[in-house]
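The values are calculated or read from the model by the stated rules, or taken from the named source; none is laboratory data. Keep in mind it's a predicted model, so treat the numbers as computed, not measured. Using ideal geometry, Cβ is built from the backbone for each residue, glycine included, and neighbour counts are taken over all protein chains shown. All accessible areas refer to the heavy atoms of the entire protein, side chains included, with ligands and DNA or RNA removed. Shrake-Rupley method; radii C 1.70, N 1.55, O 1.52, S 1.80 Å.
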Amino acid sequence: MTCLHLLLTLVFAVSFGTPVEIQRPRGVPLTKKQFYEENKPFTCLDGSRTIPFDRVNDDYCDCKDGSDEPGTAACPNGSFHCTNAGYRPMFIPSSRINDGICDCCDTTDEYNSGAKCENTCKELGRKEREVLQKMAEVTKEGFLLKQQLIEEAKKGQQEKQGKVTEMQDNKKQLEEKVEALRTVKETAEQPEKEAKERHLKAWEEQKAAIRLEKDKAKMAEAFLELDDNADGFVSVSELQSHAELDPDADGTLSDTEAQGLMGGAEQVDTSTFESVWTNIKDKYHSESLPEEPAPVETPPDEVKEPVVDNDSEPYPEDDVSEEEDDDDDDEDDYHEDDDKAAPTNKTPEKSHEDEEAMPTYDAETQTLIDAAQKARDDFEEAEKALREMDDQIRNIEKELSFDFGPDAEFTYLYSQCYELTTSEYIYRLCPFNRVSQKPKYGGSETNLGSWGSWSGPENNKYLVMKYEHGTGCWQGPNRSTTVKLTCGKETVVTSTSEPSRCEYLMEFTTPAVCQEPDNTDLPAHGHEEL
Amino acid sequence: MAVISIGRMGLLSVVCVSLFFSSAFAVDRGNFKTCDQSAFCKRQRALKPGQSPYRALLETLELSDSRLTLQLINDNNKVHLLLELYRLQGNMTRVKINELKPLKPRFEVPDVLIAEPPTEPLSVLSKDDNGVVLSLGAESQRLIVSARPFRLDIMEGPEVLLSLNSRGLLAFEHLRLRKDTQAQPDGAEVKESVDGDQQQAEGEKDEDGERDKEEDGLWEETFKSHTDTKPNGPTSISLDFSLPGVEHVYGIPEHADNLKLKTTDGGDPYRLYNLDVFQYELYNPMALYGSIPVMLAHNTQRTMGIFWLNAAETWVDISSNTAGKTVFGKMLDFVQGSSETPQTDVRWISESGIIDVFIMLGPKPSDVFSQYASLTGTQSFPPLASLGYHQCRWNYNDQEDVKSVDQGFDQHDIPYDFIWLDIEHADGKRYFTWDPHKFAQPKEMLQGLMEKRRKMVAIVDPHIKVDSGYKIHNEITSKDFYVKNKDGRNYEGWCWPGNSGYPDFTNPEMRAWWASMFAYDQYEGSMENLFTWNDMNEPSVFNGPEVTMHKDALHGKWEHREIHNIYGLYVQRATAEGQIQRSGGVERAFVLTRAFFAGSQRYGAVWTGDNAAEWDHLKISIPMCLSLGLVGFSFCGADVGGFFKNPSTELLVRWYQTGAYQPFFRAHAHLDTTRREPWLFGPENTALMREAIRQRYALLPYWYQLFYQAHKTGMPVMRPLWVDYPKDTATFTIDDEFLIGSDLLAHPVTEEGSRGVTAYLPGAGEVWYDVHTFQKHNGAQNLYIPVTLSSIPVFQRGGSIIPRKDRVRRSSACMENDPYTLYVALSPKKFAKGELYIDDGHSFNYDTKKELIHRSLTFANNALTSSNLCPDCNFSTSSWIEKVLILGASKPSKVVLKLDGKETPVEFEFDASMSVLTLRKPGMNAGADWTLLLQ
């Protein structure tokens, strides 16, 4: 009646030369053989109905669960079992029975399609065993390596942990030391400050006295110069010989003007000259001395000069982004310099007004200063040591805070980088840090993502690493990279790809994911049923 | 009245505006011309309806057997036109208007008509000073030529079906000489001395010319930075058509708009100018990638069509005397006795060429389809596999990627037939080549797919990289096949590969050469399961005006202006011909195109271009493909998932469900989107998409049969409801559901978060069966259907028989020999009929050797019978009938199969709750004669 005759079929399976004949309907696995008893009514495996046995594999779907047609394509949800003697048995969807494509290596799925299939099970089995063997070897060695890694990591971790503890102690000591030194410093600075102030005040007074004397000497000198006829008086006409004193700057010092400067007197003697001197001393040019150039005003830039100098000094630890801090530092340094340096002619104004430098500190003051300076230096050194200690602790703590796997087996990847060169790019994976890509023939590096998280499947999240928030894509998302980890003896990036725009995929082998080899399940020819 | 009317208009425009602004991202409108920016459109549109200056010179009338000629004169400038009228077989009239004596020939579009249309005799019924009455043969149809002013009216009995130039908008810009320093004095002298009459006319023209030149850019036009030198000056043409009694017009794709065309008063006309529009906007008349200048007019009495055969830039204005009237307003009209007949007026404007119009008089929708098919041919009959599911992405990165996607389908048990490669597969976008690193072994890859009985499509675009190391470029250069710029040098423009040349596909020698490049020994790495996709064939020129070619570029002696809209057709044609030739003419082609013109249906499939992952884009896919189907191009689809942007999972699922019921079913995605193969969204969603694709595969026999029908008759595969229910006015504007053939009605869910859809089931006295539950519903009702994410509301018409292959496998080829299940859906009168079509699925043997099975299936008088529709055909199949489901049946006492004179009982089951009778394994061969008797 049908164009195909698809009655009950027997399976004649051959396994390693031993012919075994087992009767069961086509496509039924051994484990379900008992449900298909010849010449007894068949009950669908879901129990939904019972049909005569000749409707099993009759190429018409009677059971909703497809169980009456294990060996035909009649049921949309059925599955077919291939024994695949010599290789692995498997189930395929019923829709692959007689579809012209060889799915089962034992060719049993294509019994009526005309497809020319060859039994490749032995070959596949051999290859699989080879692969499995190789994998087993790799796994074995990888697992040994992993044990080492775990050992090292544990050791390292312990060391670090110990180091942190030790450093915490040290830090505490350092903190105490800093505090102690701070007190010492402050104690030393108080007398220093007072002594310095005293010294400064004394010098200021001294300077005022000197200035007064100098003025007087100048006045006397001027009087002599002005008193051309040396009669002990400076007259109006004598004054007029100094045209630079002209108050209205018309080039001549008229009688009235001169008289005005003389306070209305015709002539003055040395004692009354004092008031005249007050009027003229600013403009007066000595006849004997070469003309002094007008005091050049300090351009504002000059004040900044030291800053500029400081800028060019390398600040090794600092980033460019911390410019503001830099400026603060500069100022601090500047002031510190002020303090530290002997107060000589540091300030330009002072140096102009005063011909002489401040006298060096007296021995007593100097002793105080030296003592304070030493206290400061000690304090700063201690503080710096504390900061460094803090940094170190932070770094180790950061490292310790990473999830390096259940047994810390991924620890060794930390602060390492692995590269893969493709036809166009050099890819660089720095685990727990970032992934980047650089054109092979020049060009800048692109960030493909920074360490995000472990994101493998629920049963083992340590099989996949996710790196996120890389450089943004034009009209697209930020770049990100998924790193798939597989067991291997070596730690290598084996491939990279970009399945979606700006979403990279990297394959990475490492012993750290090698599982303990299951010694009881050595790859033999142990899977087939027969 | 007026107030109501204005209020309605106001509301409409508010809706339009809000649509415009709510669009999430959109086209850069500034890149494309409005009518005002297109000089000829602006000039023509400035001309308002009124008294036509044209007069028919009846004394010049000449009538041969089937051709009437008559001169027209424009009383303003005395230019003579020549009118030709033909009565064509199959109830069509052709109207041609050209200059009587043009300065040089005007362009007439070749290669669109499949042959010179056969004519039928015309006869003069009466003639006087006012005009001529011609008989259009049977059915009392007459054609009336009125002389002063000139107009044409086609009448049937007392009714005017259609009038031409009734609004006086016939305008014909005659060729003229340029009257400034750049004119060529020689030519002018010669012309003027030839014909005194002409000379006089010239004088008139010159005045026009002089006046217009300054204002209207008749001889030069600049858009953005591009200047169009117009050595031929103004050449545009225009004609108006009035359609009394018509309120619904359709067609003129391609526009991202509703099925029913809108009136264009107050906005731009619908534009037909093939353009590569980046991120197109919905619900507006802007031009898109293709043009089919065919409009259908429909009312309850009649369906007609207007085919405006012109390949130059074209604008179509539509106005209506009922537009904007509410139902209440119309009722008021009726009550107050204001008996103005509804009327739609249409005006066509083209930049150049001649007026060549085919008026298809129906009267039934199917008549219009066969009339149009008789002119431009039918849908190519696609290989069966191409009706399966296509998996595309810009781009599958390399062979490894292709392999893993292929395996992904098997791992998730999802069928597919074609995997596609976009531009990145080629070596530096040099088409016909392969990237040496990523696709180093294309044959290996194709062989791998072939072993899975699957196929591949690789893109071949028409822009050719200018590179002296590229064989294709060198050959085109040496054969001088490139399009030229106005100065006669090779035209070059910017496209994917950088600087590119554009082969002149209008040149038959060029096309023959191009076709030869698809030979297996020319196209290295190609195999018989490699097919082609032509993109960017508008043509797209990134740095050209409106992203396309300069209008003054030259194809031989003709300007690009003349041929623009047909360029894409020629590209697809040459490619399809190449594919057919590579197999020695044995195998059918499969070529997808983006640009198209009237006639493109003969060469393959089309998709709606670069859409977006938005719900509105999913919705618009329905009217866009319906419009294409109405004008002959059935093999249409939209990118499933949306090309730009990432779809939400819900949108993607809904798009699979919709795409599974549209003719061309391909998922595609932009380079910048995340991966979206159907198994990447969790097992539940994988299951939903798998189920949608499986429904498609189960129905492949039906789809294939519909394509055979489309190929034979021109009937659209995917149809608006009104095509099958032409008298049911409720169907006239429906474009969120559609018919597949006559027998399936699909109302896919296209709303986000939908909990139910309301589907209109047409047909008073008919019934429809839910294809999933077999529940019966009455026709002529709005049916509310609650939906979940798994629902795809589809109904089978009572009275139909649909063959399915319910054993869905991993590709269509794998299902070739599988048995059929017949779904017999009974009408209330317990009747049903259907067809079954079978052939080899890929060759021309169905045609050349009649190797096919075509059966008629009829259920009547409790007997289901298969009879041969093609007795002289010979094809054998190993497919058989495994099951028959009869929906709406009553329980028989016995079922008997009559086959080869023998009677055998057939087992059956009856589901009383849904009245479904299932016949178990009748088992006869699908090609046999048989009867199943229900007793």
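Quick look at the values:
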read-out	value
Scope region B:244-289; condition of a type in the set (Phe, Trp, Tyr) and within 19 Å of B:PRO720 (Cβ to Cβ); matching residues	B:TYR250, B:TYR270, B:TYR283
Condition check for A:TYR427: buried (at least 17 other Cβ atoms within 10 Å of the Cβ) and either away from chain B (no Cβ under 14 Å) or under 23 Å from B:LYS438 (Cα atoms) (or both)	yes
Verdict on B:SER811 being modelled with pLDDT of 95 or more and over 30 Å from B:THR758 (Cα atoms)	yes
Which listed residue, of B:LEU822, B:LEU745, B:LEU739, is of a type in the set (A, V, I, L, M), more than 14 Å from chain A (Cβ to nearest Cβ) and closer than 30 Å to A:ASP103 by Cβ	B:LEU822
Output for region A:85-102, where each listed residue is more than 9 Å from every other protein chain (Cβ to nearest Cβ) and surrounded by fewer than 24 Cβ atoms within 10 Å (Cβ to Cβ)	A:ALA85, A:GLY86, A:ARG88, A:PRO89, A:MET90, A:PHE91, A:ILE92
Options A:SER455, A:SER450, A:SER480, A:SER444: the member that is touching a strand residue (DSSP E or B) at 6+ places or on another chain (Cβ under 6 Å), surrounded by fewer than 16 Cβ atoms within 10 Å (Cβ to Cβ) and either within 14 Å of chain B (Cβ to nearest Cβ) or not basic (Lys, Arg) (or both)	A:SER455
In region B:387-408, the residues that are more than 30 Å from B:GLY501 (Cα to Cα) and outside any strand (DSSP E or B)	B:LEU387, B:GLY388, B:GLU400, B:ASP401, B:VAL402, B:LYS403, B:SER404, B:VAL405, B:ASP406, B:GLN407, B:GLY408
Residue selected from region B:504-522 under the condition touching a Lys or Arg at 6+ places or on another chain (Cβ under 9 Å) and buried (at least 23 other Cβ atoms within 10 Å of the Cβ), by the criterion nearest to B:HIS550 (Cα to Cα)	B:ASP504
Output for region B:91-131, where each listed residue is in contact (Cβ under 8 Å) with a residue 60 or more places away in the chain, part of a loop (DSSP other than H, G, I, E, B) and open to solvent by less than 60 Å² (accessible area, probe 1.4 Å)	B:ASN91, B:PRO102, B:LEU103, B:ARG106, B:PHE107, B:VAL109, B:ASP111, B:VAL112, B:LEU113, B:PRO117
Residue check, B:THR848 β-branched (Val, Ile, Thr), away from chain A (no Cβ under 14 Å) and in contact with a Phe, Trp or Tyr (Cβ under 9 Å, 6 or more places away or on another chain)	no
Which listed residue is within 19 Å of B:ASP111 (Cα to Cα), at pLDDT 95 or above and open to solvent by less than 20 Å² (accessible area, probe 1.4 Å), from B:ALA297, B:ALA373	B:ALA373
From the options B:GLU509, B:GLU444, residue that is under 31 Å from the mean Cα position of the chain (by Cα), without any contact (Cβ under 8 Å) to a residue 60 or more places away in the chain and in a helix (DSSP H, G or I)	B:GLU509
Breaking point among (1) assigned to a loop (DSSP other than H, G, I, E, B); (2) crowded, with 18+ Cβ neighbours inside 10 Å, for B:LEU68	(1)
Residue under evaluation B:ASN74, criteria (1) open to solvent by less than 60 Å² (accessible area, probe 1.4 Å); (2) touching a Pro at 6+ places or on another chain (Cβ under 6 Å); (3) farther than 18 Å from B:GLY168 by Cβ, criterion not met	(3)
Considering residues of region B:879-888 that are open to solvent by less than 50 Å² (accessible area, probe 1.4 Å) and within 14 Å of chain A (Cβ to nearest Cβ) only, the residue farthest from B:LEU934 (Cα to Cα)	B:SER879
Given (1) more than 25 Å from B:PRO383 (Cβ to Cβ); (2) at pLDDT 95 or above, index of the condition B:ASN397 fails	(2)
Members of region B:773-813 that are within 30 Å of B:SER648 (Cα to Cα), part of a loop (DSSP other than H, G, I, E, B) and more than 14 Å from every other protein chain (Cβ to nearest Cβ)	B:THR773, B:VAL787, B:THR788, B:LEU789, B:SER790, B:SER791, B:ILE792, B:PRO793
Residue selected from region A:253-280 under the condition touching a helix residue (DSSP H, G or I) at 6+ places or on another chain (Cβ under 7 Å) and in a loop (DSSP other than H, G, I, E, B), by the criterion most open to solvent (accessible area, probe 1.4 Å)	A:GLU266
Lone unmet requirement of (1) within 30 Å of B:LYS849 (Cβ to Cβ); (2) modelled with pLDDT of 95 or more; (3) more than 37 Å from the chain's Cα centre (by Cα); (4) not basic (Lys, Arg) for B:GLY901	(2)
Residue match in region A:147-159 (condition: in contact with a Phe, Trp or Tyr (Cβ under 7 Å, 6 or more places away or on another chain) and surrounded by fewer than 17 Cβ atoms within 10 Å (Cβ to Cβ))	yes
Residue count for region B:386-415, restricted to those that are of a type in the set (Phe, Trp, Tyr), within 13 Å of chain A (Cβ to nearest Cβ) and open to solvent by less than 10 Å² (accessible area, probe 1.4 Å)	2
Looking only at region B:889-914, and only at residues there that are of a type outside the set (D, E, K, R) and farther than 24 Å from A:ILE51 by Cβ, the one that is surrounded by the fewest Cβ atoms within 10 Å (Cβ to Cβ)	B:GLY901
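Okay, residues lined up against (1) part of a loop (DSSP other than H, G, I, E, B); (2) closer than 22 Å to B:ASN537 by Cα:
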residue	(1), (2)
B:ASP410	no, no
B:TYR416	yes, no
B:TRP434	yes, yes
B:LYS438	yes, no
B:ARG453	yes, no
B:VAL457	no, yes
B:ASP461	yes, yes
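Each row is one residue, and each column tells you yes or no for (1) touching a Pro at 6+ places or on another chain (Cβ under 8 Å); (2) closer than 23 Å to A:LYS185 by Cβ; (3) at pLDDT 85 or above.
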position	(1), (2), (3)
A:TYR334	yes, yes, no
A:ALA342	no, yes, no
A:ALA363	no, yes, no
A:THR367	no, yes, yes
A:ASP377	no, yes, yes
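Condition check ((1) at pLDDT below 95; (2) touching a Phe, Trp or Tyr at 6+ places or on another chain (Cβ under 7 Å); (3) open to solvent by 10 Å² or more (accessible area, probe 1.4 Å); (4) more than 30 Å from B:LYS224 (Cβ to Cβ)) across all residues:
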{"position": "B:PRO497", "(1), (2), (3), (4)": "no, no, yes, no"}
{"position": "B:THR532", "(1), (2), (3), (4)": "no, no, no, yes"}
{"position": "B:MET549", "(1), (2), (3), (4)": "no, yes, no, no"}
{"position": "B:ILE580", "(1), (2), (3), (4)": "no, no, yes, yes"}
